[in-house]
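Single-structure report; data block below.
The values are calculated or read from the model by the stated rules, or taken from the named source; none is laboratory data. Owing to the predicted nature of the structure, the values given are computational and were not obtained by experimental measurement. Heads up, the Cβs are rebuilt from the backbone with ideal geometry, glycines too, and the neighbour counts pull from every protein chain shown.
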Amino acid sequence: MLKIDNLHAEIDGKTILNGLSLTVPAGEVHAIMGPNGAGKSTLAYVLGGRPGYKVTQGSVEFNGVDLLDLEPHERAAAGLFLGFQYPVEIPGVSNLQFLREALNSQRKARGEELLNGGEFLKLAKEKAALLKLDPDMLKRHVNVGFSGGEKKRAEMVQMGILDPRFAVLDETDSGLDIDALRVVGEGINAIMRAPNKAVLLITHYQRLLDVVKPDKVSILSQGRIVQTGGPDLALRLENEGYDAVMAHA
Amino acid sequence: MPEAAELPTRREEAWRYSAVDRLQGTALDDWRVIDIAAGETFRETLVIADGGGTKPTELHRWRVTVGESATCELFAVLASAEYARLEVEVTLRKGAHFELGGITVGGRDTVREFVTRTVHAEPEATSNQTVRSVHWGHGTGNFLGNIDVLRDAQMTDAAQDFKGLLLEKGASVNAVPQLEIFADDVKCAHGASVGQLDETARFYMAARGLSPDLARRLLVQAFLGDALVALDDEEKREALMKVALDKVDKYL
């Protein structure tokens, strides 16, 4: 589903990704862990196509398409969802308006029928309930005045509504209390655990992986994948730390 | 019709950022007088849009007296003409309220501006002015707002709020709040800021599937929305917003 090959990327002339290769087939949840500054968020932004992140070498193939050739909104329409570590506030634009425009833009690009107001509202309420987010928050402006935890839940409600085929979730667990973490983890399972979908889950902590059980775990360090293993690799990291685990690699 | 010598110059504060050369042949002394009786509510909208007989220079000068406990609400969108100006001189009697919601949008080398002089002549009057300007090319948007609080006008509550959004290098906005306060128990707030479209928000919206054009339209709509918040007629509000957004869309 997603095939990253020898990816090099830089910001302001500084190389961050340095020959990263990774394949995530459909049906897989692949966790990415790594020390601070390893390039985890950069990987997420490069996949999302954020301006300022320059790919200097390598390729990313997404369902047979050259992902790097697509504009950010085209990547979304192709089924890619980027869960932000710091969801952005957009004063003056309500969640409902934003998400309906977003969903219908994607559907239009895919040649699917557009959802009318009633159909959309029903879908939005259903997904808000799944993430235990007060549906009234959907009427509020995008992320404005939301707590850290609410922003992350709202992010997953967005994912539920947009129903992507591939999700890149950048530290979706940061800022969540224990209960919220479980709700969000179960939300990820409910929305993304399917044979035709896949997830790249960037996280620092084992706790989320207790809920969203990954099929594979990779360590990203200095801009490349240095080790890949099963779920036990995350447990070893939690117990021994990066230095010890990577030294034994 | 005034002689050339009578035309204002940019040395005068109220015409400082104006396209004064475009005033030639315009009746400067043609003030529209609006008297609002005590307790009445008066609402007026002004739309300067493309087509519909819009002249190259659109000068609108209104002199308003708002009677005791009366309300005057003005909402205006200046989206066409080489030079468009709405100038309002408003005098507030006891407990009166003045509301202005203004939008300027424009590119090329157009100038669109609001110039207000709000006189709080008696106690307990309130005024609230919100102007939003979106410009590109070499377009200019201005808001010059004088607030005079006279000696007897205790318990005045006046507010002015201006924000400019520049879509391109070369466009400009000017905000000049001027407060003259001679009473001692008053509240006068004013704020002004200028910026450009939030790139982070644009990327966030793109990451959810919105095209750059649609993302921009939503952001501009959100930005302009503040100016029309006080307009409680939804149909009118949407019509005014559409004039402004269509203008921005036409350019971009």
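Could you give me the residue pairs with C-beta distances under 6 Å whose first residue belongs to region A:57-79 and is more than 14 Å from every other protein chain (Cβ to nearest Cβ), whose second residue is charged (D, E, K, R) wherever it lies, and which are 6+ apart or on separate chains?
A:Gly58/A:Asp5; A:Ser59/A:Asp5; A:Glu61/A:Lys3
Which of the residues that make up region A:123-176 are among the small types (Gly, Ala, Ser), under 19 Å from A:Gly92 (Cβ atoms) and over 20 Å from the mean Cα position of the chain (by Cα)?
A:Gly145
Could you identify the single residue in B:Thr118, B:Thr130, B:Thr91, B:Thr140 that is among the β-branched types (Val, Ile, Thr), crowded, with 16+ Cβ neighbours inside 10 Å and within 14 Å of chain A (Cβ to nearest Cβ)?
Going through B:Thr118, B:Thr130, B:Thr91, B:Thr140 in turn, just one is among the β-branched types (Val, Ile, Thr), crowded, with 16+ Cβ neighbours inside 10 Å and within 14 Å of chain A (Cβ to nearest Cβ): B:Thr130.
Just to be sure before I move on: is B:Glu44 touching an Asp or Glu at 6+ places or on another chain (Cβ under 7 Å), under 22 Å from B:Ala239 (Cα atoms) and either surrounded by fewer than 20 Cβ atoms within 10 Å (Cβ to Cβ) or among the basic types (Lys, Arg) (or both) in the structure I sent?
no
If I filter region B:49-75 down to residues being in contact (Cβ under 8 Å) with a residue 40 or more places away in the chain and within 14 Å of the chain's Cα centre (by Cα), which single residue comes out as farthest from B:Tyr251 (Cα to Cα)?
B:Glu73
Under the condition of being within 29 Å of B:His97 (Cα to Cα), in contact with a helix residue (DSSP H, G or I) (Cβ under 8 Å, 6 or more places away or on another chain) and assigned to a loop (DSSP other than H, G, I, E, B), which residue from region B:23-69 is modelled with the lowest pLDDT?
B:Leu28
If a residue counts only when it is of a type in the set (Asp, Glu) and away from chain A (no Cβ under 14 Å), which helices (runs of 4 or more DSSP H) contained entirely in region B:157-252 have at least 1 such residues?
B:234-251
Do you know which of the residues in region A:80-123 that are in contact with a Ser or Thr (Cβ under 7 Å, 6 or more places away or on another chain) and facing chain B (nearest Cβ under 8 Å) is nearest to A:Val144 (Cα to Cα)?
Looking at the filtered set, the residue picked out is A:Val88.
If the requirement is being surrounded by fewer than 20 Cβ atoms within 10 Å (Cβ to Cβ) and in contact with a strand residue (DSSP E or B) (Cβ under 8 Å, 6 or more places away or on another chain), which of these qualifies: B:Leu150, B:Leu165?
None of the other options fit; the residue is B:Leu150.
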